[in-house]
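The structure under discussion appears below in the form of structure tokens.
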Amino acid sequence: MPKQRTLYLAALILSIVLAIQLTLIQLNVRGILSTASFSLLVRRRFVSLEFIALCGLYLIWLIKSRPQTTATRFLDLLKPASLLLLFAWIAHPMTSDIQLYLQYGLMSLYRVNPYLTNAVDFESVMSTFLDWTQTSTYGVVSLLIFAIPAKFVETNVFLGVYIFKLICVIFHVLNSYLIWRALKATTYRDKVTLAYLLSPIIVFEHIVEAHLDVILCTALIAIDQFLKARRYLLGLIAAGVGFLTKTLPIIWMPLIGMYLIRERRWKTITKFAVICAIAVLMLYLTVFPTIDAWKSILNPGVKDMTAGSWHTVLQGILLRTQLIEGSTQALIFTLFDRFTLLLFAAYYGVTLYQIYRNRAIRESELMVKIGWVTFVLFAFATPWYRSWYASILLPIAALNLQSPFFAITSFVFASVSTIASLSLGYETNTAGIIAAILTMGSAIAVLLLRSQITPHLEAKFPQEVELSTHKVMK
């Protein structure tokens, strides 16, 4: 207990310092406060080292703490975490995504269609803060949420930012509660819940940076629990709501659909098809009246762009190669892009076949399959990869302890993603190439070391976990 208290105090001090530093950096960027007199304190490298130290403390706690369930209420776990979450909320985001969220929210409030109008073409108090200028890449559920803080933006920009961050805190706490509730029959209940609630990676990406993926995680947890309760229609609807938040769940729905085909759940499939048809018609009559509007949610703004991926590594090498002509470089990159896409398509096809043919794959295994498909997309086939993408793998890992190798793969990939992005950035310069190699290389390294890692994981995650998890599902 004393050691855990020491770790907690050290983590709290680091969280306070990071919150102050990140806020000072943004005040300096906005021209509100000059940091010239204490520039060393707010250097990005210094901030990244502190964040790495925070991750180190978290890892020590994760390894040393014992998996015992003592909390009778979720509030017993939330109370000690509340100060850490408070300072995560106070820290101003480094990303500019939140400004784009608020701009789309304002456009919705003024009844300007953000799927047909570029963000830069709508004049507002947020216009000067925009780094991205394209139409909205987020679904209608996201726009409804963006509209809430956008109501306060014209009063004060910071008020809008922190109200949206408060929404992110609420969703993060909700996600942690749903995980705690789902794991009620497992020995690891408290430890896994705290690991999710206090994860520096999740807290940084979902609360500090306030990325929309925190809401996508809620949809993902709902999918997991509805499928395991065999309420398949609700699981599909949850996936649909996730798609109307961000487009990623579009790759999950066919996997669930194939499972339902195997189980001959024709009524469920028909009902969902009818719901989809009604939803598409309503969207067509309101916010998606043209093909271009539908294309907007596929994020055309990053077409031909790369970040944090193997594509970034190849592009960086080609740009530095003087012996190859520009047209040849473009051809090499196009072929590589198609190869990775075909690689993912092949893996996806094999996964669909396995779900259909292997009756041993039940709901929990289906969720892990969804996790692996998403991981492969991120780690091998996505040209434009951002560090927060991998955070959505972690709720799948937390809810499916019977697959510890997926859990460790997700943990390593998400951790290295955030640390590499924060420390080096994901640009096409030398530092960005190194960051991409570290991120994507970590995924390959874990996969190659599977035979060495698995025996240790099986010892750490005894068979009791799997049995108790299945007991919950029944």
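Every read-out reported here was derived from the displayed coordinates using simple, explicitly stated rules and does not represent laboratory data. Predicted, not measured: the structure shown is a model, and the values here were computed from it. Note: ideal-geometry Cβ built from the backbone for every residue, glycine included; neighbour counts use all protein chains shown.
With 0.36 nm allotted per residue and the present C-alpha distance subtracted, the residue 44-residue 350 stretch has 105.9 nm of extension available. Between residue 247 and residue 448, the FRET efficiency from the beta-carbon distance, with R0 = 41 Å, is close to 0.85.
Counting other C-beta atoms within 10 Å, and keeping those with at most 16, which DSSP coil trypsin sites (Lys or Arg not before Pro) do you find in segment 174-235? List each step's numbers first, then the result.
On the way: sites: 181, 184, 189, 191, 228, 230, 231; in loops: 184, 230, 231.
Loop-located and lightly packed - 184, 230, 231.
Per residue, how big is the convex hull around the C-alpha atoms of segment 349-399? Give it to me in cubic angstrom, could you? Please report the intermediate quantities before stating the final value.
On the way: hull volume 3.4 nm³, N = 51.
Per-residue hull volume (Cα only) is 66 Å³.
Arrange the following residues from fewest to most other Cβ atoms within 10 Å of their Cβ: 168, 55.
Working: 168 26, 55 19.
Placing the least packed residue first, the sequence is 55, 168.
Among the trypsin sites (Lys or Arg not before Pro) in segment 291-367, those placed in a DSSP loop whose Cβ has at most 16 other Cβ atoms within 10 Å are 303, 320, 359, 362. Estimated purely from DSSP H runs of n ≥ 4, each contributing -39500 (n - 2.57), the mean residue ellipticity at 222 nm for the chain is -22000 deg cm²/dmol once divided by its residues.
Go through 79/165; 79/246; 79/369; 246/271; 151/246 and tell me which ones have a Cα-Cα distance over 26 Å in this structure. Mind dumping the intermediate values first?
Numbers: 79/165 19 Å; 79/246 31 Å; 79/369 34 Å; 246/271 23 Å; 151/246 22 Å.
Violating the 26 Å Cα-Cα cut-off are 79/246; 79/369.
Taking only the C-alpha atoms, wrap a convex hull around the chain and report its volume per residue in Å³ as a whole number. Let's see the in-between values first.
Numbers: hull volume 75.4 nm³, N = 474.
About 159 Å³ per residue, rounded to a whole number.
Label residue 156 and residue 334 with points 7 Å out from Cα along Cα→Cβ: what is the distance between them in nm? Result for the modelled spin labels: 5.3 nm.
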